[in-house]
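**Student:** Below: one structure in structure tokens.
The values are calculated or read from the model by the stated rules, or taken from the named source; none is laboratory data. Predicted, not measured: the structure shown is a model, and the values here were computed from it. All Cβ positions, even for glycine, are placed from backbone atoms using ideal geometry, and neighbour counts span all protein chains on display. Accessible surface is based on the protein model in full, side chains and every heavy atom, while ligands, DNA and RNA are left aside. Shrake-Rupley method; radii C 1.70, N 1.55, O 1.52, S 1.80 Å.
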Amino acid sequence: MNPRNTPFGIDLGTTYSVVAQLDSKGIPRTVSNAEGDLTTPSVVLFDKERIVVGKEALKAATIEPERIAQFAKREMGNPLFPKEINGEYFPPEVIQSLILEKLKQDTIAKVGHCDGVVITVPAYFNETRRKATQDAGRMAGLEVLDIINEPTAAAIAFGIQEGFLDGDGNSLRKETILVYDLGGGTFDVSVLSIDGRHYKVLATDGNFMLGGIDWDGQIVDMIADQFIAEHFVDPRKSPSGYQRLLREAEDAKRTLSTREKAMIPFEHAGNAIRIDLTRAEFEMRTANLVDRTRFTTKKVLGDARLHWTDLSRILLVGGSTRMPMVSKMLREETGIEPDQSLAADEAVAHGAAIYANLLRKAEQKSREFTVTNVNAHALGVLGVELSTKRKRTRVVLDRNTPLPAKKSAVFQTVTDSQPSVAVNIVEGGDSSGHNSAPIGKCVIRNLPPSLPSGTPVVVTFSYAANGRLKVKAVLPSLKKRATVEIERTSCLSDAKVDEWGRRIRNQMKPIELENSSEPGERT
């Protein structure tokens, strides 16, 4: 194997990012950055003269917090990052592309090239967020071979390391693995079946707004409350004070993963306090967060129609799984000892590197290698219930439906002589349409004036493995139909993606932002 032609895996994390590549023996290795570290803080400093990414940006957070962008992964799919920096609002994928640009440059300096890459995303990301991630890679000048779910990447890395996958990705025995992935800012649980060269996701769920920074937040509030009690000032209201709180909270959390007590010193506005926090108190304060992951884990197993005894193993991934409360909860809930053999911070990037290499082999040898995913969010139609005249969502494709998938449902017209039928397509949400995301509309126009209410309308969803959704609406009695293909693109047009890419590669020269004062158009 020639490392020069070997693609890379990138774990683009909320708090830290990692790059990996296979060595000459086919073993995944983390590529250290320019600072010599294996992980790069996912933090961007928009300095007056240059862009700084990583450790130096993180150091500057307490000094120039107004110029710092962090946790951008949580904003992917939104039109703009919510913080104004240097008088400008940036799309979140632009911030992510700056992190990728740093990773690319460091990798080239280390190994001489950075060509094809596989980038990982939370399994719970919808297609809009996945497309935004691809666009970030494109802006950074990377050839993005594929996007892979983080739990799937971790399962691949584990299989190679533990020897139940060979170098071509074949499983030597069938495995059913639950991957519990708690990172800095996102949480995923996936159940996977690995058989031969076929990786099949049976069920997935998660929360891209739940991660280690939420545990940090509990410590931040505790420190701030005591500071207020003693000095009558809330340090959270100061950007620099809040950044210092975050730094102390993360340090304390890491300490409590290995020790029973952490001493937390904190200084703000000329005043100082010291707090002793025990692991038991920390676990009590964050019990609700652990319980949220417990509920999701049980739900995913039920969605996969499995019992704990059906699992080969429970695999822990993500830096936040180092907290003892995580393995303790899973042990109590399942009766299974969680497997912590993988390097929590590096496993996802390692799996992505293995997958990238397998994709290259498949191209060269035309050998089949498949990863079968499920849709992480239900897809349906938001309409009006005839009996109550209230809006209701009817799910056409349930969450965790294996892809590709095709399914039809029958609806009815609401009133007599309505001139058209509009099929409003939504993703997620509850039965009343609350919290659902509109993603498109399919309309049949010019209906005859004599059309009675209750006329059947057959709606068919065709969901491809690549995330393309086609919706067809038909009135069989009239032989009228309409078809729409939903392209759930990110908020940036292809032209703007290219324009931002040029700007990034040219020292961020000013360009005019599309719809910079208003949220961008979403499909």
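**Student:** Which residue is farthest from residue 30 (Cα to Cα), if the candidates are limited to the stretch 71-110 and must be hydroxyl-bearing (Ser, Thr, Tyr) and open to solvent by less than 10 Å² (accessible area, probe 1.4 Å)?
**Tutor:** To start, the set of residues in the stretch 71-110 that are hydroxyl-bearing (Ser, Thr, Tyr) comprises 89, 97, 107.
With the extra rule that they be open to solvent by less than 10 Å² (accessible area, probe 1.4 Å), the set shrinks to 97, 107.
Values: 97: 20, 107: 10 Å.
Ranking the qualifying residues of the stretch 71-110, first place goes to 97.
**Student:** Go through the residues of the stretch 439-455 one by one and say whether even a single one is within 24 Å of the chain's Cα centre (by Cα) and open to solvent by less than 50 Å² (accessible area, probe 1.4 Å). Show your work before the answer.
**Tutor:** Filtering the stretch 439-455 down to residues within 24 Å of the chain's Cα centre (by Cα) leaves 439-440.
Still in the list and also open to solvent by less than 50 Å² (accessible area, probe 1.4 Å): 439-440.
Looking through the stretch 439-455, at least one residue is within 24 Å of the chain's Cα centre (by Cα) and open to solvent by less than 50 Å² (accessible area, probe 1.4 Å).
**Student:** Please work out which one of (1) open to solvent by 80 Å² or more (accessible area, probe 1.4 Å); (2) of a type in the set (D, E, K, R); (3) not in a strand (DSSP E or B) is the condition residue 430 fails and give its number.
**Tutor:** Evaluating residue 430 over (1) open to solvent by 80 Å² or more (accessible area, probe 1.4 Å); (2) of a type in the set (D, E, K, R); (3) not in a strand (DSSP E or B) leaves (1) as the failure.
**Student:** Among (1) closer than 21 Å to residue 247 by Cα; (2) in contact with a Gly (Cβ under 7 Å, 6 or more places away or on another chain), where does residue 66 come up short?
**Tutor:** Evaluating residue 66 over (1) closer than 21 Å to residue 247 by Cα; (2) in contact with a Gly (Cβ under 7 Å, 6 or more places away or on another chain) leaves (2) as the failure.
Residue-wise test of (1) of a type in the set (A, V, I, L, M, F, W, C); (2) under 25 Å from the mean Cα position of the chain (by Cα); (3) open to solvent by 20 Å² or more (accessible area, probe 1.4 Å).
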residue: 252; (1), (2), (3): yes, no, no
residue: 262; (1), (2), (3): yes, no, no
residue: 265; (1), (2), (3): no, no, yes
residue: 271; (1), (2), (3): no, no, yes
residue: 295; (1), (2), (3): yes, yes, yes
residue: 303; (1), (2), (3): no, yes, yes
residue: 310; (1), (2), (3): no, no, yes
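**Student:** Residues in the stretch 111-159 that are farther than 17 Å from residue 353 by Cα, of a type outside the set (Gly, Ala, Ser) and part of a loop (DSSP other than H, G, I, E, B): how many?
**Tutor:** Number satisfying all stated conditions: 3.
One line per residue, one yes/no per condition, for (1) within 22 Å of residue 142 (Cα to Cα); (2) modelled with pLDDT of 95 or more:
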position	(1), (2)
3	yes, no
12	yes, yes
17	yes, yes
20	yes, yes
23	yes, no
30	yes, yes
49	no, no
63	no, no
71	yes, yes
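**Student:** Out of all the residues in the stretch 111-144, which are buried (at least 22 other Cβ atoms within 10 Å of the Cβ), out of contact with any Lys or Arg (no Cβ under 7 Å at 6 or more places or on another chain) and within 16 Å of residue 20 (Cβ to Cβ)?
**Tutor:** 117, 118, 119, 120, 137
**Student:** Looking at (1) within 14 Å of the chain's Cα centre (by Cα); (2) more than 19 Å from residue 505 (Cα to Cα); (3) touching a residue at least 24 places away in the same chain (Cβ under 8 Å), which one does residue 75 not meet, given that it meets all the others?
**Tutor:** (3)
**Student:** While we're on this one: Name the one entry in 479, 496 that is at pLDDT below 85 and among the basic types (Lys, Arg). Step through it out loud before you land on a result.
**Tutor:** On the way: 496 fails: at pLDDT below 85.
Of 479, 496, the one residue that is at pLDDT below 85 and among the basic types (Lys, Arg) is 479.
**Student:** Right, something else. Take the residues of the stretch 386-413 that are modelled with pLDDT under 85 and open to solvent by less than 70 Å² (accessible area, probe 1.4 Å): which is nearest to residue 443 (Cα to Cα)?
**Tutor:** Top of the filtered list is 386.
**Student:** Every residue in the stretch 319-342 that is open to solvent by 20 Å² or more (accessible area, probe 1.4 Å) and touching a residue at least 40 places away in the same chain (Cβ under 8 Å), please.
**Tutor:** Selection gives 319, 322, 324, 339, 341.
**Student:** Evaluate the following for residue 167: is it modelled with pLDDT under 95, of a type outside the set (Lys, Arg) and assigned to a loop (DSSP other than H, G, I, E, B)?
**Tutor:** Numbers: modelled with pLDDT under 95: yes; of a type outside the set (Lys, Arg): yes; assigned to a loop (DSSP other than H, G, I, E, B): yes.
Answer is yes for this residue.
**Student:** For the stretch 195-219, give me the residue count where each residue is over 20 Å from residue 122 (Cβ atoms) and either crowded, with 22+ Cβ neighbours inside 10 Å or at pLDDT below 95 (or both). First the steps, then the outcome.
**Tutor:** Step one: filter the stretch 195-219 for residues over 20 Å from residue 122 (Cβ atoms), giving 195-198, 218-219.
Okay, now just the ones that are also either crowded, with 22+ Cβ neighbours inside 10 Å or at pLDDT below 95 (or both), so 195-198, 219.
Within the stretch 195-219, residues that are over 20 Å from residue 122 (Cβ atoms) and either crowded, with 22+ Cβ neighbours inside 10 Å or at pLDDT below 95 (or both) number 5.
**Student:** For residue 69, are the conditions met, namely being free of Cβ contacts under 8 Å to residues at least 40 places away in the same chain and part of a strand (DSSP E or B)?
**Tutor:** Values: free of Cβ contacts under 8 Å to residues at least 40 places away in the same chain: yes; part of a strand (DSSP E or B): yes.
Yes: the conditions hold for residue 69.
**Student:** Would you be able to say whether some residue in the stretch 171-181 is surrounded by fewer than 24 Cβ atoms within 10 Å (Cβ to Cβ), at pLDDT 90 or above and more than 23 Å from residue 377 (Cβ to Cβ)?
**Tutor:** Checking the stretch 171-181: at least one residue is surrounded by fewer than 24 Cβ atoms within 10 Å (Cβ to Cβ), at pLDDT 90 or above and more than 23 Å from residue 377 (Cβ to Cβ).
**Student:** For the stretch 89-98, check the following and say yes or no: at least one residue is out of contact with any strand residue (DSSP E or B) (no Cβ under 9 Å at 6 or more places or on another chain), assigned to a loop (DSSP other than H, G, I, E, B) and within 30 Å of residue 190 (Cα to Cα).
**Tutor:** Looking through the stretch 89-98, at least one residue is out of contact with any strand residue (DSSP E or B) (no Cβ under 9 Å at 6 or more places or on another chain), assigned to a loop (DSSP other than H, G, I, E, B) and within 30 Å of residue 190 (Cα to Cα).
**Student:** Taking residue 382 as meeting all but one of (1) open to solvent by 50 Å² or more (accessible area, probe 1.4 Å); (2) touching a Gly at 6+ places or on another chain (Cβ under 7 Å), write down the number of the exception.
**Tutor:** Of everything listed in (1) open to solvent by 50 Å² or more (accessible area, probe 1.4 Å); (2) touching a Gly at 6+ places or on another chain (Cβ under 7 Å), residue 382 misses just condition (1).
**Student:** Do we have residue 40 as in contact (Cβ under 8 Å) with a residue 40 or more places away in the chain and open to solvent by less than 10 Å² (accessible area, probe 1.4 Å) here? Reasoning before the result, please.
**Tutor:** Values: in contact (Cβ under 8 Å) with a residue 40 or more places away in the chain: yes; open to solvent by less than 10 Å² (accessible area, probe 1.4 Å): yes.
Yes: the conditions hold for residue 40.
**Student:** Of all residues in the stretch 229-246 being touching a residue at least 40 places away in the same chain (Cβ under 8 Å) and surrounded by fewer than 17 Cβ atoms within 10 Å (Cβ to Cβ), which is nearest to residue 277 (Cα to Cα)?
**Tutor:** Restricting to residues being touching a residue at least 40 places away in the same chain (Cβ under 8 Å) and surrounded by fewer than 17 Cβ atoms within 10 Å (Cβ to Cβ), the top hit is 230.
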